[in-house]
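Structure record follows, encoded as structure tokens.
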Amino acid sequence: MKSYKQLKSERKRVAVVGTGQTKFEARTPQKTYYELALEAAMKAMNDAGVTPENIESVVYGIYNDLFERQIMPDTYVHDYLGMYGKAGIRITTGGATGGYAFRSGYSEVASGLSDVTMVIGVEKAQDCYDWAQGKTTPEVIKSIAYSADMTWEFPLGTSAASSYAILASAHMDKYGTTEEEAAMVSVKNHGNAMNNPFAQSPMKITVDDVLQSRMISYPFKMLDCSLYTEGAYALILMSEEKTREMEVNNPVWVMGIGSSNDKSFTGSRTVNDRMGRYGDIADLRNHYESAAQAYRMSGIQDPRKVIDLAELHDAFSFTEIQAYEAMGFCERGKGGKFIRDGVPMMDGDLPVSPSGGLLGAGHAVGATGVMQIGEVVNQLRNNAGKRQVEIRNGIGLAHSIGGPGSSYCSVSVLGVD
């Protein structure tokens, strides 16, 4: 246990020193959620060269109790990993769960509370099953819809897709973004996933395939939407002092983290409120704020010039286009042109989601944001296999969002010395 004087020192430098992932799949009936978590944790510890005894605390990203059919599932994961006697905390912020879990793990080490922390995201979405009907998907969709306001919104039939479709429609109306431009995101990310052995949905598709797929919630068609997934991802975080002591190879440093929550009711986000400088719902203002915080902390003034790659949250194709703008990769309203110009392609100036993103790799909600950060880490280590992109400046970005109308956002900037 550290003394008060030891904890009183300046914020510590934090590195990611290990990553571990299970395959992302539609169903893993042969494994429980805590078995998936153990598989990822063991891989991450092996990658970092640490043992369970070295881990001082754990942060769990597990979004939905109904997925796991278990209230407080983190305590059972903690037990199964053999972490009893050590601190453990759970984060649940919708699709942003993994990003916020990473933020909490960073805080654990940066504050001096722990020198070695594990961040692990896990989800078993398809265990949410309607035994009477013999169906899974309706129950999964309903359990996610419980994240909407239960007094007014839920009874009107809201869903994750309809919640984000409002934002997409606003962007189309304000800036002229097209369904074809959004379809290009889906084509890119499903194609990128073909290089990712862990991905759920690697596919070679065309813009026409996306446009002709079944309508889900205008303007989202089936291939504009990510699939819910089962899987786990773990990261090992370590203080700079500990990396020297343990002679860690290839540490990837956390340069900056920014997080911002917007109003939960999308219709309440007016231009004239306190954060109105970012515009209306077409502009995802908490994404702008999160990116600005992360850039201030990391000292980045022109992200387009210095960031080598980004993993952006693309639960829906339009959201990636909006994120290009919010991350400062292009001007506001120019996200459609950004992809038409080929900038975010694997061989473009700023590759986005070489992993395949959520569309291609899958959306294991609690694990998703952890996976995105792990993908950036492995890219910066030049350890991403067939999906490796050119690393020039040694800086990458991960963007994690969730909640009703994307009310949560966390942006992490990572780099190598």
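The values are calculated or read from the model by the stated rules, or taken from the named source; none is laboratory data. Every value quoted in this text rests on a predicted model; they were computed, and no experiment measured them. Here the Cβ is made from the backbone with ideal geometry for all residues, glycine too, and neighbour counts use every protein chain on show.
Report yes if some residue within region 341-350 is surrounded by 24 or more Cβ atoms within 10 Å (Cβ to Cβ), within 12 Å of the chain's Cα centre (by Cα) and either more than 30 Å from Leu36 (Cα to Cα) or hydrophobic (A, V, I, L, M, F, W, C) (or both); otherwise report no. No, there is no match, as no residue in region 341-350 is surrounded by 24 or more Cβ atoms within 10 Å (Cβ to Cβ), within 12 Å of the chain's Cα centre (by Cα) and either more than 30 Å from Leu36 (Cα to Cα) or hydrophobic (A, V, I, L, M, F, W, C) (or both).
Before we move on, is Ser260 polar (S, T, N, Q) and modelled with pLDDT of 90 or more? Against the criterion (polar (S, T, N, Q) and modelled with pLDDT of 90 or more), Ser260 qualifies. What pairs come out if I take residues in region 325-346 that are over 18 Å from Leu167 (Cα atoms) and pair them with residues that are aromatic (Phe, Trp, Tyr) and part of a helix (DSSP H, G or I) whose C-beta lies under 8 Å away, six or more apart or interchain? From region 325-346, the pairs are Gly328/Tyr295; Phe329/Phe338; Cys330/Tyr324; Cys330/Phe338; Phe338/Tyr324; Ile339/Tyr324; Pro344/Tyr324; Pro344/Phe338.
So, of the residues in region 269-286 that are in a helix (DSSP H, G or I) and of a type outside the set (Phe, Trp, Tyr), which turns out to be modelled with the lowest pLDDT? Residue satisfying both the conditions and the ranking: Gly276. A single entry from Gly366, Gly396 fulfils the requirement of being surrounded by 24 or more Cβ atoms within 10 Å (Cβ to Cβ) and within 15 Å of Gly61 (Cβ to Cβ): Gly366.
Out of region 120-148, which residues are at pLDDT 75 or above and either under 30 Å from Pro52 (Cβ atoms) or more than 23 Å from the chain's Cα centre (by Cα) (or both)? Answer for region 120-148, where residues must be at pLDDT 75 or above and either under 30 Å from Pro52 (Cβ atoms) or more than 23 Å from the chain's Cα centre (by Cα) (or both): Ile120, Gly121, Val122, Glu123, Lys124, Ala125. Every condition in (1) outside any loop (DSSP other than H, G, I, E, B); (2) surrounded by fewer than 17 Cβ atoms within 10 Å (Cβ to Cβ) holds for Asn249 except the one numbered (1).
Scanning region 214-246 for residues that are assigned to a helix (DSSP H, G or I) and either more than 20 Å from Glu53 (Cα to Cα) or within 23 Å of the chain's Cα centre (by Cα) (or both) returns Met222, Leu223, Asp224. Applying the condition of being more than 17 Å from the chain's Cα centre (by Cα) and outside any helix (DSSP H, G or I) to region 256-268 and asking which residue is farthest from Val370 (Cα to Cα) yields Phe265.
Would you confirm whether or not region 270-282 contains a residue that is closer than 30 Å to Ser57 by Cβ and not aliphatic (A, V, I, L, M)? No, the conditions are met nowhere in region 270-282.
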